[in-house]
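Please treat every number below as a calculation from the coordinates, not as lab data. Predicted model only: the values in this text are computed from it and were never measured. Reconstructed Cβ throughout: ideal geometry from the backbone, glycine too, with neighbour counts over all protein chains shown.
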Amino acid sequence: MKATWNLADGREITLDVPEGQSLMEAATRHGVPGIIGECGGSMSCATCHVVVHPTWADRAGEPGPFEEDMLDITEADRQPTSRLSCQVRMSAALDGIVVSVPEA
Ligand code: FES
């Protein structure tokens, strides 16, 4: 399954992401710039912030209550479809998802 990260500098990175892996894990394993994942996915750092492309937002789902709070302290301003990418896990429904990495 594939996911694409659009970087602030205009570059685009597409990776194979196995089912069940979070987009944060996939991004940090492959060194996608701007995704740090400092807390390892425990929702305490907000350094995995991405903005889901609007056409994928419904399928990616809504943030949970704790994620909601963390999204308010991201370094880049929160957008309507912002998510913590450690909370977005690859599934068949998300194959092909496109997200943007906000400029830090
Ligand atoms: S990796 Fe820390 S909040 Fe997602």
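Structure summary
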read-out: Interatomic Cα distance distribution for the range 38-82, bins of 10 angstrom, percent; value: 28, 56, 15
read-out: Highest-MSF residue in the chain out of LEU84, LEU15, LEU23 [GNM, Cα springs under 10 Å]; value: LEU15
read-out: LYS2-HIS53 pseudo-label distance in nm [points 7 Å out on the Cα-to-Cβ vector]; value: 1.0
read-out: Size of the range 2-100 as Cα extents on the principal axes (Å, biggest first); value: 29, 25, 23
read-out: Among ALA104, LEU15, TRP56 - extreme Cα towards positive end, dipole of the chain, charges at beta-carbon; value: LEU15
